[in-house]
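The values are calculated or read from the model by the stated rules, or taken from the named source; none is laboratory data. Computed from a predicted model, the values in this text were never measured in an experiment. Using ideal geometry, Cβ is built from the backbone for each residue, glycine included, and neighbour counts are taken over all protein chains shown. Ligands, DNA and RNA are excluded from the accessible area calculation, which covers all protein heavy atoms including side chains. Shrake-Rupley method; radii C 1.70, N 1.55, O 1.52, S 1.80 Å.
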Number of protein chains: 2
Amino acid sequence: MSEMIRVLRGNWTESRHRGHVAVVDASGALLHYLGDPFRPTFARSAMKPVQALPLVMSGAADRFGFGPADLALSCASHNGEERHRLRAASMLARAGLREDVLECGFHPPRHRESHHEVIRKGVELTPVFSNCSGKHAGMVATAAHLGEDPTGYSAPDHPVQRRILREVSAITGCPEQEIVYGVDGCNVPAYRLPLDRLALIYARLADPASISDRKRRGAAERVTEAMVTHPEMVGGKERFCTDLMEAFRGCLVGKVGAEAVYCIGDRQQGIGIAVKIEDGAERVLYAAAVEVLRQLEIGTQTGELERLSAYTRPEVKNMRGRVVGRIEPDFELRSGEPARW
Amino acid sequence: MSEMIRVLRGNWTESRHRGHVAVVDASGALLHYLGDPFRPTFARSAMKPVQALPLVMSGAADRFGFGPADLALSCASHNGEERHRLRAASMLARAGLREDVLECGFHPPRHRESHHEVIRKGVELTPVFSNCSGKHAGMVATAAHLGEDPTGYSAPDHPVQRRILREVSAITGCPEQEIVYGVDGCNVPAYRLPLDRLALIYARLADPASISDRKRRGAAERVTEAMVTHPEMVGGKERFCTDLMEAFRGCLVGKVGAEAVYCIGDRQQGIGIAVKIEDGAERVLYAAAVEVLRQLEIGTQTGELERLSAYTRPEVKNMRGRVVGRIEPDFELRSGEPARW
């Protein structure tokens with residue numbers, strides 16, 4: 001358990017957050033860490049690229065003409081902007097499905113202007129508004145393609161989720177029966193794995209050659225390429241996932257998970273990074289992730305990190321717009337394996 | 001530094017929060033604690049009752065006819081409901097001041113329905129919307145009463161803030177020159193004090209007889225009585241401060257501060273409680289505060305705590321309304337003084 005990042009008011013610490021980091025190569029070897037790199041961690045939405053693999057592997061994506069933007073939306077925790085909602089609806093339509101088949105529930109758009117517009121116009125919220133609507137559209141499309149009844153697809157024993165569990169196991173090397181899951185915000189299984197296994201997922205997405213199964217490898221390549229080609233579908237306006245992937249122009253794939261999980265795959269080095277803030281605070285997550293990149297010298301020489309300066313040491317402003325504090329990383333990654341007690 | 005409260009998904013820990021508690025009597029003696037009871041802590045809005053003392057002591061409250069509901073609003077981090085905004089505006093009007101004298105800035109109402117109404121009607125936000133507008137109205141009214149120019153009243157060297165610093169010092173016993181301050185969200189000084197000194201403030205509000213100065217004692221009595229008589233002005237709908245004080249019917253005075261500070265004064269025992277969640281997470285603060293009350297057996301025999309059951313071990317629900325986890329306190333208060341290293 002390590003101190004990771006501080007919130008300052010003036011020059012004084014007001015609050016502190018602990019965190020954990022695991023950096024691995026595509027063989028799973030631990031290269032760098034902070035805190036407990038084996039911390040059991042719910043991946044939450046950082047699992048979405050894996051959850052999208054059966055959509056490609058089953059042939060459903062090809063059958064329904066889902067292109068890169070659709071696959072990117074399948075991996076998204078999107079803002080609920082109109083472009084995201086329309087695309088999720090279009091995926092459903094192309095699969096011949098109605099929106100009410102979705103079991104994700106809904107919530108107001110995260111994007112502020114979209115949210116205000118919904119309130120102003122009195123628009124009724126429906127499942128496409130869910131930040132997970134692309135993932136769910138992919139899940140039901142896969143079921144429809146395979147001739148399965150999509151009803152109940154969010155339950156762990158439905159073939160949709162059993163296929164996904166198989167992929168989680170295959171890409172992480174964790175036996176299915178050892179993978180613990182809870183229920184996610186959008187009602188599907190939320191997988192809990194050691195943090196270094198989350199990093200391994202992203203190392204393998206970044207270096208698909210490390211995936212032996214040809215079909216799985218091809219799907220991982222397509223999903224990753226889709227995310228980096230359409231970062232605007234993965235998050236949206238003023239979202240770190242989008243800004244990170246735009247800044248790194250295809251070299252990094254990154255995805256947030258709820259409760260402050262961030263995973264990055266470096267496609268140039270073929271390594272994966274997983275960050276978990278112990279208390280689940282998103283407010284410090286991106287500054288922590290950027291600091292990890294800086295310490296690993298990813299994007300430091302080539303200018304990409306500079307484009308993320310808004311996330312680096314974010315200022316805390318008050319209601320008059322005055323800078324009254326800042327968020328400041330306060331850790332150093334260690335190399336190699338930690339001592340095991 | 002102690003583990004305090006966990007966020008579970010299913011039966012597994014997803015995130016964890018550390019915390020600190022100090023429980024003192026009105027002499028300042030430490031009765032119980034968790035973590036570091038002397039942790040330097042920005043009181044934030046938990047200081048508001050002290051910031052309201054000069055409003056009463058100066059005679060401004062009497063001069064402008066500020067009753068208990070007005071004084072309660074002066075101590076509030078209110079929801080921005082219409083009743084709060086109208087009262088703040090009325091206080092300004094009674095003091096012969098215009099709203100644009102306020103230097104607090106503004107933000108959308110915290111109360112969801114009020115916020116939506118503002119968006120639907122396209123209402124322009126103004127300083128009375130600030131959750132601190134009552135405090136600021138009290139500050140400028142005090143200046144006006146004393147014939148001071150209120151312009152710049154939010155700066156540390158303005159007489160308004162110098163009077164408040166004197167009160168902070170007097171009630172906590174900390175010399176003025178040792179009290180560190182930053183800038184608060186609403187632009188006035190935010191005081192940083194050892195956590196047990198925040199608890200002492202509330203012990204003294206709960207037991208004003210412990211305050212030797214007659215004028216200060218009378219003001220503390222009036223302010224505390226105003227808060228417990230008008231809890232709806234201190235917070236609003238679905239707010240812990242309001243629900244706590246309503247449940248305890250005058251026996252407890254409680255106030256939240258930003259970055260997860262909660263302070264309570266027990267008027268029956270004359271003790272004060274201060275809680276700080278290390279990472280500033282409000283989501284676990286109230287469950288932590290209620291657990292402290294339970295361990296101190298405040299409201300356990302007499303049924304008040306039962307009325308706060310929604311805050312006790314809050315359920316985590318997902319977007320389908322399904323219970324997928326819970327927030328669970330995981331600490332035991334210690335008695336007496338901690339060993340000093």
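Does at least one position in the stretch B:60-68 carry a residue that is touching a Leu at 6+ places or on another chain (Cβ under 8 Å), within 25 Å of residue B:147 (Cα to Cα) and surrounded by fewer than 22 Cβ atoms within 10 Å (Cβ to Cβ)?
There is at least one residue in the stretch B:60-68 that is touching a Leu at 6+ places or on another chain (Cβ under 8 Å), within 25 Å of residue B:147 (Cα to Cα) and surrounded by fewer than 22 Cβ atoms within 10 Å (Cβ to Cβ).
What tally of residues in the stretch A:239-258 results from selecting those that are farther than 19 Å from residue A:133 by Cα, part of a loop (DSSP other than H, G, I, E, B) and not small (Gly, Ala, Ser)?
Looking only at that region, the number is 3.
Which of the residues spanning the stretch A:271-286 are open to solvent by 10 Å² or more (accessible area, probe 1.4 Å) and more than 9 Å from every other protein chain (Cβ to nearest Cβ)?
A:271, A:282, A:286
When the stretch A:35-50 is examined, which residues are found to be of a type outside the set (Val, Ile, Thr), within 20 Å of the chain's Cα centre (by Cα) and either closer than 30 Å to residue A:339 by Cβ or open to solvent by 10 Å² or more (accessible area, probe 1.4 Å) (or both)?
Residues satisfying the conditions are A:37, A:38, A:39, A:40, A:42, A:43, A:44, A:45, A:46, A:47.
Quick one: residue A:305 ticks every box in (1) within 12 Å of chain B (Cβ to nearest Cβ); (2) open to solvent by 10 Å² or more (accessible area, probe 1.4 Å); (3) within 20 Å of the chain's Cα centre (by Cα); (4) among the aliphatic types (A, V, I, L, M) except a single one, so which number is it?
Status for residue A:305: all satisfied but (1).
For residue A:336, all conditions in the list (1) out of contact with any Pro (no Cβ under 6 Å at 6 or more places or on another chain); (2) open to solvent by 10 Å² or more (accessible area, probe 1.4 Å); (3) more than 14 Å from chain B (Cβ to nearest Cβ); (4) modelled with pLDDT of 95 or more hold save one; what is the number of the exception?
Of everything listed in (1) out of contact with any Pro (no Cβ under 6 Å at 6 or more places or on another chain); (2) open to solvent by 10 Å² or more (accessible area, probe 1.4 Å); (3) more than 14 Å from chain B (Cβ to nearest Cβ); (4) modelled with pLDDT of 95 or more, residue A:336 misses just condition (4).
Which of the residues spanning the stretch B:1-20 are touching a residue at least 40 places away in the same chain (Cβ under 8 Å) and open to solvent by less than 20 Å² (accessible area, probe 1.4 Å)?
Residues satisfying the conditions are B:4, B:5, B:7, B:8, B:9, B:14, B:17, B:18, B:19, B:20.
Only one of B:203, B:190 is touching a residue at least 24 places away in the same chain (Cβ under 8 Å), in contact with a strand residue (DSSP E or B) (Cβ under 7 Å, 6 or more places away or on another chain), closer than 25 Å to residue B:80 by Cα and buried (at least 19 other Cβ atoms within 10 Å of the Cβ). Can you tell me which?
Of B:203, B:190, the one residue that is touching a residue at least 24 places away in the same chain (Cβ under 8 Å), in contact with a strand residue (DSSP E or B) (Cβ under 7 Å, 6 or more places away or on another chain), closer than 25 Å to residue B:80 by Cα and buried (at least 19 other Cβ atoms within 10 Å of the Cβ) is B:190.
So which strands (runs of 3 or more DSSP E) are wholly in the stretch B:1-53 and hold at least 2 residues that are more than 10 Å from chain A (Cβ to nearest Cβ), under 19 Å from residue B:192 (Cα atoms) and of a type in the set (Val, Ile, Thr)?
Answer list for the stretch B:1-53: B:12-25.
For the stretch A:21-34, which positions are surrounded by fewer than 23 Cβ atoms within 10 Å (Cβ to Cβ) and in contact (Cβ under 8 Å) with a residue 60 or more places away in the chain?
A:25, A:26, A:27, A:28, A:30, A:31, A:32
Give just the number: which of (1) farther than 30 Å from residue A:8 by Cβ; (2) surrounded by 20 or more Cβ atoms within 10 Å (Cβ to Cβ); (3) in contact (Cβ under 8 Å) with a residue 24 or more places away in the chain does residue B:319 not satisfy?
Only one criterion is unmet by residue B:319, namely (3).
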